[in-house]
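Since every read-out is calculated from the coordinates, none of them should be taken as a lab result. Note that the structure is predicted; figures quoted are calculated from it, not measured. Note that each Cβ is placed from the backbone with ideal geometry, even for glycine, and that neighbours are counted across all protein chains shown.
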Amino acid sequence: MKQGRSSAASPPDAPVPDQRGEDASYELETITSRTIPERRHTADSGRDAFPDGRPSSSRREPSALLESAESCISSPEHSQAELQLSHHATQLYTVSYLVLFSIFGTLARIGLQVLTVYPGAPVTTGVTWANVGGCLLIGFFAEDRKLFREQWGASSAGRGKLNDNGDEQQRIDDPGEDAEALMKHKAVKKTIPLYIGLTTGFCGSFTSFSSFMLDAYRALSNTLPNPNTESISPRNGGYSFMAVVAVMLYTILLCLSSIVVGAHLADGLSYFTPPLRFKFVRNVLDRLVVVLAFGCWIGTIFLAIWTPDRYRPIQEQHWRGSAEFAIIFAPIGCLFRFYASLYFNPLISSFPLGTFLVNMIGTLVLGVCFDLQHASSIVARNSIGDVPSSHRLLGCQVLKGIMDGFCGCTTTVSTWIAEVHSLNMKHAYLYGLASIGFGVALLVVIIGTMQWTAGLAQPAC
């Protein structure tokens, strides 16, 4: 073996085919034995977005691992540079996916809220359906074994192996082997930039914990908008308590049910789910999303500056408040949530501290913006039906954009529900009740203080 290593370091024209093949096999075993434990360690510790191993080798089939082993023998001086370049590229692709899918998730949430609030609606909290949809999708992506099969090799899919034609053979009969393969697949899947974009980016931005807490507070304070009636009738404290419990129960139970249904859909539709081609994702989609993500983000900023309805009367200027400012602030909140969870979640294994902190921070910011939006001395209307000035309208639209974009993407229900579902019973109840209790308490202190002293005026937008 030593002779093979010295021969591999000789000039390229040296005829050493046998020894080099032995060294390639040795390097293949070394890479394979090191890659899987490193992936499992990074996934369990929570810092699984940017793997420290060699990404270009770990995401390939065994034949490609052999090719990487040979390249490491023939040109070891390039391995460190390639590793650093791949690490930076993975970071860039991950951030780009988060930016793009946070925009898509915010638009989907705003649109679904508009569609689900109508006269006669059985559920008057529009964000509930966005939270349910996001939980269903994250349950599907977490349990799916087919979409990202080619990204990490057929053996990590957990259902079976592929033959030479790419068809799936008979399912593995050993339950232990199937469970181990599924665990490996789930661990390494969390390091794929596209998967991070779909789950953390889209599902996390599609759902909003801060809006859920705002609905709970407004149900408690009897200020929850109801499309079925124009005016809200006064009621005693007992009915308000029943209202806030109802909002919490049907939201949480629907979300918990939907994440299970999403997992069942992934398992039931696995035969029809096509795998994403590795070459297309790596060579086309990853590079294209860099241009699309930052292009859409910068384009929205220019669109907000020169908005199409800027020459219309004040009452008809809705573009900025409806979506433009929300899209501008959405990627900031999504990136903040991603890196905060990446750093804080591994600190306490039984209590996801990162998700808890971003949910509380986003709820706090939403409460402050809600107060400013309803303060008559700042941006609210002086009286009902009053036409606001241009600066009051612009200020109200900026605050609404922060609430829908930054707060909506900083806080998440899909990840929160997934974490509650994965913890054991004691820790799940502790984590869930602490999140709800502190969230409602923050809004009671922030919004309730203003509502019961100065009062809430009608916002300008």
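Structure data summary
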{"quantity": "Contour excess over end-to-end distance, with Cα ends at Met183 and Arg312 and 0.36 nm allotted per residue", "calculated": "40.8 nm"}
{"quantity": "Cα-projected label distance for Ser389 with Leu292, points at 7 Å along beta-carbon direction, nm", "calculated": "4.4 nm"}
{"quantity": "Alpha-carbon centroids, the stretch 381-417 and the stretch 300-373: separation in whole Å", "calculated": "9 Å"}
{"quantity": "Quarter of Cα convex hull surface for the stretch 364-404, i.e. mean projection, nm²", "calculated": "2.7 nm²"}
{"quantity": "Rounded FRET efficiency, nearest 0.05, which uses the C-beta distance separating Thr223 from His87 and R0 of 45 Å", "calculated": "0.35"}
{"quantity": "Virtual spin-label span in nm between Tyr343 and Thr449, 7 Å along Cα→Cβ", "calculated": "2.7 nm"}
{"quantity": "Label zone at Glu230, where the point sits 7 Å out along the Cα-to-Cβ direction: the stretch 378-417 residues whose backbone N lies under 14 Å", "calculated": "385"}
{"quantity": "By average C-beta atoms within 10 angstrom, highest first, the peptides 290-303, 120-133", "calculated": "120-133, 290-303"}
{"quantity": "In order through the stretch 300-317: 3J(HN,Hα) via Karplus (6.51 cos²θ - 1.76 cosθ + 1.60), integer Hz, x for Gly, Pro", "calculated": "5, 4, 5, 5, 6, 6, 10, 5, x, 9, 6, 9, 7, x, 4, 5, 10, 8"}
{"quantity": "Segment Leu249-Asn382, length gained on full extension (0.36 nm per residue, minus Cα span)", "calculated": "44.2 nm"}
{"quantity": "Sites Leu353 and Ser257, calculated FRET efficiency, Cβ-Cβ separation with R0 30 Å, nearest 0.05", "calculated": "0.70"}
{"quantity": "Cα→Cβ-extended label distance, 7 Å offset, between His264 and Phe438, nm", "calculated": "3.4 nm"}
